[in-house]
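First comes the structure, then the notes that go with it.
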Amino acid sequence: MSRLCLSRAASAAIVLLAWLGAPRAEAAARLTVGGSVRSEDGALVVAVQVDNRGDAAVGPLVVSGELASRYDEARAENGVAAGSWTEVALRFPAEIEQAGVHAVALRLDYQSPPRTGAWASQAAYLLVALGANPPAAVRITTHEAEVETRGAVPVELESTDGRAHEVRLRLLTPKGLNPFGEAPPVTVPGTGRVAAPLEVLRAGAPRLTRQGVLIVATAVDGGEQSVAVAEGAVVLTKDPALMPRLRIPLLVLAMALLATAIGIEVYRRWPRRPAEPERAEG
């Protein structure tokens with residue numbers, strides 16, 4: 001397969017952006033991303049601008065990125081103040097085998113309040129057009145999914161141009177949720193919709209929270225790659241198991257039994273006055 005040298009195409013790159021907010025209950029920060037791309041010293045540099053449109057600062061901020069199965073990570077130690085922005089750079093190989101639109105998968109991890117708050121996480125993405133900028137070949141429809149431990153994000157695909165397409169799907173998740181298994185290729189007919197649910201596994205994300213996810217659909221037609229992205233959500237329900245519901249009653253019972261055992265032991269060891277001898281009657 002021919003290779004596209006990004007140093008020649010980077011000047012014409014078009015960068016689109018999207019974002020997903022982290023759960024509002026965990027942090028008052030609201031992060032969005034944008035960016036640009038350039039060729040530098042034999043590498044493709046993706047500059048990621050992170051804006052904090054919320055009313056609380058975050059920090060530190062860790063930005064992880066993946067492009068064409070290559071990974072990089074950057075850290076903004078001072079984070080982002082409320083109403084401010086920062087920029088980090090991710091570096092990837094300067095050659096990509098496929099011309100067209102590519103999704104840069106991003107994950108933002110941060111603390112809010114800075115240094116002392118709990119870590120929050122969100123999925124995000126950038127679209128970079130390198131050498132060609134074809135429109136999305138498919139349209140994605142999704143709905144909110146309720147998940148206990150393992151479940152599926154409902155996904156439906158339909159063609160945008162009346163032609164059939166072979167599509168690869170990915171699920172981008174925040175920390176604490178993981179895609180479960182690898183999604184097989186999906187054949188999207190020229191007319192009508194096809195269902196292609198994506199499995200997801202809870203991996204530590206707090207229960208009773210709403211987690212933002214991203215569905216990415218990639219198609220290659222006529223030697224050019226196109227990408228469609230849709231925002232979805234996973235609502236993590238309470239633990240259905242019996243033991244979690246019994247934790248507090250069992251704890252109370254255990255404390256009561258412990259207190260009873262201590263009381264019995266204290267009573268058994270408490271010194272008692274010796275019995276007085278009986279006096280003989282004379």
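The values are calculated or read from the model by the stated rules, or taken from the named source; none is laboratory data. These numbers were taken from a predicted model, which means no experiment stands behind them. Every residue, glycine as well, gets a Cβ built from its backbone with ideal geometry; the counts of neighbours run over all protein chains shown. Each accessible area value is taken on the protein alone, full model and side chains, heavy atoms only, with ligands, DNA and RNA left out. Shrake-Rupley method; radii C 1.70, N 1.55, O 1.52, S 1.80 Å.
Can you work out the PRE-style zone for residue 251? Point 7 Å along Cα to Cβ, and I want the residues of segment 190-211 with backbone N under 17 Å. Within reach of a label on residue 251: 207.
Of 270, 119, the order by accessible heavy-atom surface (1.4 Å probe, DNA, RNA and ligands excluded), from most exposed downward, is 270, 119.
Summarising the label geometry, the points placed 7 Å from Cα in the beta-carbon direction at residue 49 and residue 146 lie 4.2 nm from one another. Toward the positive end of the charge dipole of segment 136-188, with +1 on the Cβ of Lys and Arg and -1 on the Cβ of Asp and Glu, the farthest Cα among 173, 141, 188 is that of 173. Across segment 95-199, the relative contact order, built from alpha-carbon pairs under 8 Å that are at least six residues apart, equals 25 percent. The amide H of residue 104, built 1.01 Å from its N in the peptide plane, has 126, 127, 128 as neighbours under 5 Å, considering only residues 5 or more places off or on other chains. In sequence order, segment 40-56 has phi-based couplings of 8, 6, x, 10, 8, 9, 9, 8, 9, 9, 10, 9, 9, 9, x, 10, 9 Hz under the Karplus curve 6.51 cos²θ - 1.76 cosθ + 1.60, θ = phi - 60°, and Gly or Pro positions carry x. Phi angles across segment 124-140 convert, under the Karplus curve 6.51 cos²θ - 1.76 cosθ + 1.60 with θ = phi - 60°, into 3J(HN,Hα) values of 8, 7, 10, 9, 10, 9, 10, x, 7, 9, x, x, 4, 7, 10, 10, 10 Hz, Gly and Pro given as x. Could you pull the accessible area for residue 143 with a 1.4 Å probe, rounded to 10 Å²? Surface accessible to solvent at residue 143 totals approximately 110 Å².
Amide H contacts for residue 30 (H built 1.01 Å from N in the peptide plane; partners 5 or more residues away or on another chain; cut-off under 5 Å): 53, 54, 55, 56. In the assembled protein chains, residue 248 presents an accessible area of approximately 120 Å² (probe radius 1.4 Å).
Based on every Cα atom in segment 108-150, Rg and the maximum pairwise Cα distance Dmax equal 17.5, 45 Å. Residues whose amide H lies under 5 Å from that of residue 155, counting only those 5 or more places away or on a different chain, are 196, 198; hydrogens are built 1.01 Å from N in the peptide plane. Working note: Karplus 6.51/-1.76/1.60 with θ = phi - 60° gives segment 104-117 the couplings 8, 6, 10, 9, 10, 10, 7, 10, 8, x, x, 6, 10, x Hz, where Gly and Pro are set to x.
Rolled with a 1.4 Å probe across the full set of protein chains, the surface gives residue 266 an accessible area near 80 Å². Across the alpha-carbon atoms of segment 129-271, the computed radius of gyration and Dmax are 25.4, 95 angstrom.
Taking all C-alpha pairs of segment 86-130, those more than 14 Å from each other amount to 64 percent.
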